[in-house]
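S.K.: Have a look at this one.
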Amino acid sequence: MGNPDKNKYGPSPDELRGQNPQTQEGRDESRATLGGAMLVCLSTLPSNAHVIRAASRIAEAFHAHWTALYVETPARSRISGDEQIRLRDNMDLAQRLGARVVTVQGGDIAEQIVQYAHSRNVSRIVIGKNHRNISCRSLWFSADIADRITAASPYIDVYVIPEQNQKNKRRYFNFFGGNWRLSLQDAGVVLFTLLAVTLINLILKEYGFPEANIIMFYLMGVLFTSNRTHGHLPGILYAILCVISFNFFFSAPYFEFTALDSYYAPTFAVMLTAAVITSTLTSRIRNQAEITAARDRTNDILLQTSRVLMHNHDRMNLSRSIADHLVRLFERSVVCYIPRDPGGNVLPEPALSVYDEKPGVCSLLKEDEKAAAGWALIHAKEAGKGTDTFSGVMGYYIPIIGENRTLAVLGISCDGGRPLPQEQRQMLWTVAGQIALAIERESISHAQILAQKEVEREQLRSNLLHSVSHDLRTPLAGISGAANTALENDDRLNPETRKELLRGICEDADWLIQIVENLLSVTRIDAGRLKLNFKEEMLEEIVAESIERIEKHLHGHKLTIDVKQPVAIAVMDGKLIEQVLVNLIDNAIRYTPEGTEIQVSAWCEGTRVCFEVRDNGEGLNEQDIPFLFDRFFTKGDSRSDTRRGIGLGLSISKSIVNAHAGEIVAYNTCPGGAAFRFWLPIQMTGEST
């Protein structure tokens with residue numbers, strides 16, 4: 001096998017498309033070069049799965065190949081059994097999402113990551129915020145791993161994904177409710193600040209500084225404590241302790257909890273009052289800043305959700321997008337059910353987005369949870385935790401109601417078995433209204449598409465009836481006339497005349513069969529029922545069968561065959577490819593004068609099978625070439641006979657070739673004539689001799 005002569009077979013398929021040859025592997029390499037290589041760092045933390053999923057989304061957005069890297073240090077080689085299980089789960093997750101998992105060994109995590117990134121030309125690194133050496137020395141003196149990677153490779157983009165470790169959540173002890181709460185971490189901050197300020201004041205006392213300076217340092221500690229803790233109670237507790245500390249260390253008698261001089265009484269009162277007011281104001285300002293930041297974050301996510309709902313027109317993708325955005329908004333697991341038939345009573349497959357659970361064991365997928373969601377869908381009322389219906393389940397479910405029908409159901413998990421707070425319920429209902437508008441818009445868009453298809457289908461029927469009427473009437477009239485002539489003049493017809501009449505009947509009948517085959521192909525293509533029966537076929541047999549079906553309609557045209565590799569075997573649907581060749585040859589006969597030479601060629605080119613039908617007629621009108629494969633496009637000046645065609649042959653040929661994952665083109669040849677070439681990228685199973 002080899003490439004055919006370019007002068008003989010015309011331009012190559014890639015030249016006809018205006019691009020250079022490129023294999024699938026080459027295209028993948030080009031895409032990898034365009035998107036760049038990416039690296040995600042693995043760890044034994046449970047929240048590392050969040051980092052892996054974020055890396056998968058980034059790789060998909062940049063069309064990049066990505067690698068999941070785990071650095072095994074001497075300390076990490078002695079991890080516990082639970083950590084080994086979590087590491088294996090994280091590696092499995094990365095592999096399922098399309099990453100290549102690699103393990104390297106070394107003593108320094110950041111250094112190993114940078115070295116691997118340099119050796120693989122990595123342009124992006126995704127790392128979790130909690131990736132940090134946990135030795136005492138590194139905790140106080142070493143920089144964060146992400147900072148070290150950025151400093152070592154400033155030309156590599158580093159994406160830092162916060163890892164939320166559930167074990168590090170604050171545990172609060174509520175005393176009076178609201179902001180009057182205290183956690184162990186806040187208590188530690190209070191004691192540490194009190195100890196540090198007291199030591200500094202003892203040093204100042206040794207150097208003879210006045211008591212006013214000591215009081216100011218205690219007040220500075222109030223500001224520090226209020227800024228580093230949550231709620232009012234830690235600052236007030238510190239204020240009380242600093243008064244007690246001042247009484248014990250800096251008022252006579254020293255190292256006792258009594259002040260003999262009445263001078264200290266107003267000092268203690270003013271000091272305590274100032275400390276309490278300062279702590280309360282600082283805590284209030286901090287809380288207001290946190291509330292403002294939370295509102296800004298909520299508004300930003302709501303804006304992003306609105307944009308996603310506005311531009312998403314696929315129902316399944318819409319449900320996934322809703323679940324993903326609500327997880328970020330509420331920081332809870334979310335499930336979304338959007339039935340394909342709005343107003344239906346059957347729950348579809350859910351779109352689940354998990355916040356802090358594994359998808360396989362998420363509480364929202366249990367049977368009682370689905371029952372609550374189904375009840376909300378049928379009755380168009382809320383159900384689940386905090387309601388009177390299915391109050392024992394762990395989720396809260398609300399229906400998304402459109403115009404007099406239920407469009408979907410949203411479910412959100414309730415952490416710790418507590419009902420969803422009222423403000424979050426109101427926000428959820430607000431989002432539900434936006435979702436209802438998006439689903440209604442998608443339904444209207446889908447109805448418009450169906451209506452447009454119905455209009456096109458009716459137009460197709462009208463065009464078919466209009467076009468087929470003439471082509472069916474002409475051969476039927478010929479068959480009827482020839483048959484009547486033979487019947488009425490049977491005793492006066494000589495054998496040659498009778499044979500000529502019968503030949504005309506056969507030709508017109510064959511022409512009708514070809515029209516019917518094309519019409520049946522159109523209906524199969526429109527209904528999506530065009531099925532390919534792949535099997536091994538010889539190129540020479542495909543061409544020979546096509547010539548046998550069309551040679552009786554040549555009408556003075558000269559037909560030549562050129563099969564470069566006669567015994568080459570390819571995998572294709574032989575019947576359909578024969579129909580393509582018949583349509584192309586018939587098109588050449590129809591639009592060229594008698595005496596025109598028509599050449600049918602076939603050859604193998606690499607892993608492609610190429611067929612071509614060319615003639616030496618007047619060629620194609622350059623303005624018509626872009627429309628040749630459209631339905632019902634006809635030139636309107638057929639030369640060979642009175643049958644003008646219905647403009648389906650080339651359109652059907654293109655559909656068949658595309659179904660084979662091939663391409664078909666039309667072009668003018670030099671010095672004159674037209675050529676139709678198609679090629680099928682089908683793997684060869686035999687070789688030519």
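S.K.: Just to verify a number: what accessible area does R148 come out at with the full protein assembly present, 1.4 Å probe, Å² rounded to tens?
M.R.: Solvent-accessible area, nearest 10 Å²: 80 Å².
S.K.: Whenever you get a sec, line up E548, E442 from highest to lowest accessible area (probe 1.4 Å, protein heavy atoms).
M.R.: The residues order as E548, E442, largest area first.
S.K.: Which cross-chain or sequence-distant (5 or more) residues have an amide H under 5 Å from the amide H of E663, H modelled 1.01 Å from N in plane?
M.R.: For E663, whose amide H was placed from the backbone, the distant partners under 5 Å are W679.
S.K.: Now, a different point. Using bins 5 angstrom wide from zero, how does P(r) for the range 579-623 break down, in % of all Cα pairs?
M.R.: Taking all Cα pairs of the range 579-623, the binned fractions are 5, 20, 26, 21, 16, 9, 3, 1 percent.
S.K.: Moving on to the next point. Applying the Karplus parametrisation 6.51 cos²θ - 1.76 cosθ + 1.60 with θ = phi - 60° to the phi angles of the range 42-55, what ³J(HN,Hα) value in whole Hz is obtained for each residue in order, glycine and proline being reported as x?
M.R.: Result, ordered by residue: 9, 8, 8, 6, x, 6, 5, 4, 5, 5, 5, 5, 5, 5 Hz.
S.K.: Once amide H atoms are built 1.01 Å from N in the peptide plane, which residues 5 or more positions from A568, or in another chain, come under 5 Å H to H?
M.R.: L539, E540
S.K.: Then there's this: Which of the pairs K370/K531; K499/K575; K453/K535; K499/K558; K129/K366 have their Cα atoms more than 28 Å apart in this structure? Kindly include the intermediate steps, with their values, before the conclusion.
M.R.: Details: K370/K531 39 Å; K499/K575 30 Å; K453/K535 34 Å; K499/K558 24 Å; K129/K366 33 Å.
Going by Cα-Cα distance, K370/K531; K499/K575; K453/K535; K129/K366 fall outside the 28 Å limit.
S.K.: Which log10 I(q)/I(0) values does the range 68-132 give at q = 0.24, 0.28 Å⁻¹ under the Debye formula, counting every alpha carbon as one identical point scatterer?
M.R.: -1.29, -1.46
S.K.: With θ set to phi - 60° and the Karplus curve 6.51 cos²θ - 1.76 cosθ + 1.60, what are the ³J(HN,Hα) couplings of the range 487-502 in order, to the nearest whole Hz, using x for Gly and Pro?
M.R.: Calculated HN-Hα couplings, in order: 6, 6, 10, 4, 7, 9, 8, 7, x, 5, 5, 4, 5, 5, 5, 5 Hz.
S.K.: Also, quick follow-up: Give, in whole angstrom and from largest to smallest, the semi-axes √(5λ) of the equivalent ellipsoid of the range 548-631, with λ running over the eigenvalues of the Cα gyration tensor.
M.R.: Semi-axes (√(5λ), whole Å): 23, 17, 13.
S.K.: If you filter the range 530-634 for trypsin sites (Lys or Arg not before Pro), then keep DSSP loop positions with at most 14 other Cβ within 10 Å, what is left?
M.R.: K531
The values are calculated or read from the model by the stated rules, or taken from the named source; none is laboratory data. Being a predicted model, the structure only gives us computed values, none of them experimental. Glycine also receives a Cβ, built like all others from the backbone with ideal geometry; neighbour counts cover every protein chain displayed. With ligands, DNA and RNA removed, areas are computed over all heavy atoms of the protein, side chains included. Shrake-Rupley method; radii C 1.70, N 1.55, O 1.52, S 1.80 Å.
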